[in-house]
Structure formats: structure tokens, C-alpha cells
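> The following block contains the structure, expressed as C-alpha cells.
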Amino acid sequence: MASATTYRKNYTAPTHWVDKVDLIFDLHPQRTRVRSTLTVRPNENRPNDDFLLNGRDLELISITVNNHELARTEYAILDSGDLLLHGISEPSTIKIENVINPTANTSLLGLYVSNNNFMTQCEAEGFRRITYYPDRPDVMAKFTVRINAPKSVCPVLLSNGNLVEEGEIDNNWHYTRWEDPFKKPAYLFALVAGDLKCREERFTLKNGKKALLQIWVEPRNLDKTEFALESLKKAIAWDEKRFGLELDLERFMIVATDDFTMGAMENKGLNIFNSRCILATPAVATDKDFARIESVIAHEYLHNWTGNRVTCRDWFQLTLKEGLTVFREQEFAADMLGDPTARAVKRIEDVRYLRDRQFAEDAGPMAHPIRPESYQEINNFYTTTVYEKGAEVIRMMQTLLGKEGFRRGLDQYIRLHDGSAATCDDFLDAMAKANMRDLSQFERWYSQAGTPHVLVETHWNPRAGSYTVTLTQSCAATPGQPKKEPFFIPFDIALINAKGNPIPLQLQAETAAKGTSRVLELTETQQSWTFINIREKPVPSLARNFSAPIIVDYDYTPDELVFLSQHDNDPFNRAEAMEKLSMLCIDEMVADFEHGTRM
């Protein structure tokens, strides 16, 4: 049966808000008992008093509303598995008890058993396989979790937040109780229980407090976790320094398991990783492996603020957390390299991945904007367009606003939306207001698919000493979007003189030159800029550092490519010139070979 299509335009707010969730787990491989207590209040703008709680593959035991146990006729279990409660017209306490079978949960969504350990994966819609709940990202609540389990099977019991209590139940069973002081959606819930060992360290934060950092793995893998712990420390320190964002919990935990369907998951305070993204030793890992581990750990940690403290209102806004955090991860990885040449290599690698994967996606039948308008299957949303192109859209904002302006905008975004579920429009609005800029046209990067082409035409007037650059943008039709409106494209340019030096750039309307590179703001289908005091014909360096996810159409001569490969002070464009020159040489050799064969 085909899945129903969900549209962004049809979003409606929840009928009820959940302020607090208290969960109790009695762990058993085949019959785990889950008891949840929800503190609920109706949304004032609700259409009726019905309260829908999502559920999948749950064995319902009982439901109590305000101390009244409901009879079977007082609620409905829908064909989907969801639970519908009627008449929730006032703030209520709802208690639900159900049983699940983690061993039989082969979807690996919700709570499942892996190598005799209990694990969870709740993004995007896995929590509904644990208990009945409004499983949507805009329902944010404070969670407390108690885990009961046999010590012999599960000596380690972990969940989100801070450990507030632990103890013995009897000679075999023990428990832990966890409290997350921050509101979160259900997709960020996590539970891990089993036979695990950890590498840990007390890490001093910028505010002077000490946080406990732990890397939990199966015992045989403990010797492969040192680099992961060092990477986590680097990510925490970097976010404090670069964006002023501190670790907000008493502890931060990472768990690695072989049987995890995703690379990693940013559950609040308890990240879960596939082992290949954590484990490494110099004896078996390459430099590339170490770099990947450092980046992935940073990505999931950096979600603590861009994804967790501020989350998505709905899944159409996925790039709000993923595109932003990929950008932050890329900036972290570049800063860890330090050396300008190494940073350039990182940028070249990121752009190459984008061109190989995302440009192909934009050019094919599955092209979609970074904020899609509809979906049939939510798990199909996790694309290179949403992630990598989304990161480039964020980077364009930093290019337009500068690092300080971008920081102001991010500060305002977090200040306004901390503890809430936001939208891409909220992010754009924060950036615009913090910098007093009109970014309304920039929104088209969120709503239009495709890779724009920018045709570059230049004209040097030796008599006037002027150099005119004309940019013309176009974008091919994509499914459902036959005609595209002009994008807001930041186009970074420099002009290099015959000695290999960048020329100070002064536009006709300016009284003095303003630096040797300029970010042109292309907002129309075609625009021209004329620079003055250009006394010799320059070679243009175009879209420097890949200033926008576009294709630049400009016919450099082989001599110009040689010149740029020698003199361009933008490392990315130097590499571009070398690559284009190499391709010209290869094409020429192939042509010569074919000509020789025919002869």
C-alpha cells in the first residue's frame, strides 16, 4: 500500500503539550515493561479535545487519566497502532503501561537488543515503538528515566541527562535514575543498558565547572577509545571558543556499538555511534580514519545546541539542524588543521563531495530543495541536499555577513529559540535582524531545487582604466519547479595583475578601494559591476573559496589557468585552476591519440 503524502503547508500545532515525562523501564529481552507518566496540558488553539499518541508494535496494559483507569470503551486503538484519547480538555496526568519485545524489534528503531545490549534509536519516529506518545519534534518535555535491570546482564544502565540516583533493588536487580534538565522532543531520547566499559575523564569547562566525559564500548574495544575522548574534548573547547556555547550537563556520554543503523545519533547527553565512527588505534587506522572520527564526534556533540537545545518544529525543517551542524563541523575540522594549506585541502574535499554527490542529486529526478515541501517516507529526507547543500547555504550567510555578523545572528537565534522547536524562517529572521539585512530573497535557497549556473563576462577598457564584470544566473527546471526565480548569490571575486598580486577593488560609486577581494551580491538574472583604476588587464579569480553552490561558466585560456595556478592567493581557486588545466591537457592528449590512431 502506498504511503500517504505529508505536506509542509498542512502543518498544524499539537492539540496538547507535554510538559514532563517520567519513564520507568523493567528491562527484559522479550518483555520489557514500560510505565510512562505524562503531564499534559491542552493547546488553547486545539480544534477539539482528542489527544493522539503515536504507537507501533506495543502491547497495551493499562491507561489512567487523572487517577481514573480507562475502560476499553473510553479510548481507541487505531489501525495505525496509534492511541486516541477523548475528552482531554484540562491539564491532566496520563499514566500508560505497555510491554515491548526488544529482541523481535528488527527495525532497529525504538528499543532493541544488539549483542545482548539494549540500545535505542528514536530519530525520526522510533519513540512510538517504546511507548505511546505524541512522537513529533515540536512536542518538547523534560524527561526523567528510571531503568531497572538484572546486574548480571546489564551492569551499566544509561539514559539522557544527569545521573541523580542509583542503587540495589535486590540481590540481582539494580536501578539508575536519570534527569534531563532541558526540554527535548522524543526523538532525542536514549537508553543504553548492558555489559560495557568506559574511558572517562573530568574535563574543566570555560566556566570552571568540571564535566564527566565518558566513552562506553564493549570491553574488547576499550583500548581503541583514546582518540575519541580527545576528539570530544576538542569539540567542547572549540564550541566554547568559537560560538560561546558551553556543555550544559554534568556529564556527556558516547556509546559505540557494532549494530547501529546510522553513523551516529545526537541524543541529548548520550550520543550513540556505530563503532566504525569511534574506534581507532594507530596500528590499524589511517589518517583519514582519524580525521573522520574527529569530525563525526564533533558533529554529534555540536548538535547539543544546534539541534537539541533548539530543535526542528517539523521534519521539513531538518536542514535547520543538519545543514547548520554540518557547517559547524566543517569549520571545526578546518580549525583543527590550523595550517592555511591544510584548511584549503579540507575545503577542496568538502566541495568535491558536494559536486560528486549533491550536484548529481540536483540534476536528477530526485532533485529537491534543502527544505522539501512533501514526503511519503520520512527516512528518505536524509539526503546530501539537506545536509551538504544545507551547509553551503549556511556558509553563504557567513560569507555575506562576515564571521562576526554570523555570530551575532546565531547568538540571536539561540537566545530567541532556546528550549523550543524552530523553523528555517526563524533562523533566517534572526540572521537578518541581528545584522539589519533583508534576507527575504535568500529564502529561495530553501524553497528552490537545482544548481544555479553563473555565466561570467568581462570587459577591460584600457582607456578608461575600468573593468566590468557581468554575471548572468540561470537554473534548469527540476521536478515540480519548471521556472526558477533569481537566487541571492554571494559571488566572491578578485582581480590579479600581471605580477601576480591582487588589485585593490574600487567600484564606480566608491570614493576609495575597499580591499583586494569583493563579495558581489547577485540578486537579479543579470547584473554588472564596474571597477575603476584598473590600469592593466587582470585575470579574474571567480567565486573564491567556492562562495556559493553554483557552477561558474567562464572560458579561461590555458595561459590564464597556468597563471592562476601560480599566483592566485585563494588556495581553492589555485587548485581549481590546476584541475582545469590538467583536464585540458588530458583532453588534448586523448585527441592527439585518437588523431594518431586514425592516421
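Every number in this text was worked out from the coordinates using simple rules, so none of it is lab data. Computed from a predicted model, the values in this text were never measured in an experiment. Here Cβ is always computed from backbone atoms with ideal geometry, including for glycine, and neighbour counts include all displayed protein chains.
> First obtain the Kirkwood hydrodynamic radius of the stretch 5-131 from its Cα pairs, then insert it into the Stokes-Einstein equation at 37 °C and 0.692 mPa s, and state the resulting D in µm² per second as a whole number.
Rounded, D is 210 µm²/s.
> Any aspartates and glutamates with Cα under 18 Å of the Lys537 Cα? List them, leaving off those in the same chain fewer than 8 positions away.
The qualifying aspartates and glutamates are Glu457, Asp555, Asp559, Glu560, Asp568.
> Distance from the Cα centre of the stretch 293-361 to that of the stretch 535-597, in angstrom?
Between the Cα centres of the stretch 293-361 and the stretch 535-597 lies a distance of 28 Å.
> Report the local net charge at Asp26: Lys and Arg +1, Asp and Glu -1, summed over other residues whose C-beta lies under 9 Å from its C-beta.
So the environment of Asp26 carries a net charge of +3.
> Between Glu90 and Met583, what is the label-to-label distance in nm when each label sits 7 Å out along the Cα-to-Cβ direction?
Computed distance between label sites Glu90 and Met583 equals 7.0 nm.
> Could you compute the FRET efficiency for Arg415 and Lys483, with r as their C-beta to C-beta distance and R0 at 41 Å, rounded to 0.05?
The calculated FRET efficiency here is 0.60.
> Taking Lys433 as the anchor, which lysines have their alpha carbon closer than 16 Å to its alpha carbon, excluding any fewer than eight residues away along the same chain?
Lys403
> On full extension of the chain, what length is gained from Ile61 through Tyr7, given 0.36 nm per residue of separation minus the C-alpha to C-alpha distance?
Stretched out fully, the Ile61 to Tyr7 stretch lengthens by 16.0 nm.
> Pull up the cross-link candidates among the lysines for Lys210, meaning alpha carbon to alpha carbon under 25 Å and not fewer than 8 places away within one chain.
Candidates past the 8-residue exclusion: Lys142, Lys183, Lys184, Lys197, Lys224, Lys233, Lys234, Lys241, Lys268.
> If you wrap a convex hull around the Cα atoms of the stretch 448-588, how much volume per residue is inside, in Å³?
Cα-based convex hull of the stretch 448-588, divided per residue, equals 116 Å³.
> Next up: Taking only C-alpha pairs under 8 Å that are 6+ residues apart, what is the relative contact order of the stretch 253-309 in percent?
With pairs under 8 Å counted, the relative contact order is 33 percent.
> What FRET efficiency do you get for Asp559 and Tyr382 if R0 is 30 Å and r is their Cβ-Cβ distance, rounded to the nearest 0.05?
Rounded to the nearest 0.05, the efficiency is 0.10.
> Compute the distance from the alpha-carbon center of the stretch 452-501 to that of the stretch 68-98, in whole Å.
So the separation of the two Cα centres works out to 60 Å.
> Let me ask something additional. To test your reading of the geometry: what angle, between 0 and 90 degrees and rounded to tens, separates the Cα axis of helix 424-435 from the longest principal axis of the chain?
Approximately 60 degrees, to the nearest 10.
> Go through the stretch 522-599 and name the GluC sites (Glu not before Pro) that are in a DSSP coil and have 15 or fewer other Cβ atoms within 10 Å of their Cβ.
Glu524, Glu536
> What does the charge add up to near Leu416, with Lys and Arg as +1, Asp and Glu as -1, over the other residues with Cβ less than 14 Å from its Cβ?
With Lys, Arg at +1 and Asp, Glu at -1, the net is 0.
> Out of the stretch 427-509, which trypsin sites (Lys or Arg not before Pro) are coil in DSSP terms and have no more than 12 other C-beta atoms within 10 Å?
Of the trypsin sites (Lys or Arg not before Pro), the ones in loops of the stretch 427-509 whose Cβ has at most 12 other Cβ atoms within 10 Å are Arg463, Lys483, Lys499.
> Which GluC sites (Glu not before Pro) in the stretch 337-427 sit in a loop by DSSP (not H, G, I, E or B) and have at most 16 other Cβ atoms within 10 Å of their own Cβ?
The qualifying sites are Glu373, Glu377.
> For the residue pair Asn48 and Lys241, what label-to-label distance in nm results when each label sits 7 Å from Cα along the Cα-to-beta-carbon direction?
Reported label-point gap for Asn48 and Lys241 is 5.8 nm.
> Calculate how many DSSP beta bridges within the chain are antiparallel, expressed in % of all such bridges and rounded to the nearest 5.
That works out to approximately 80 percent antiparallel.
> Counting Lys and Arg as +1 and Asp and Glu as -1, each charge on the Cβ, what is the dipole of the chain about the Cα centre in debye, to the nearest 20?
In debye, rounded to 20, the chain gives about 980.
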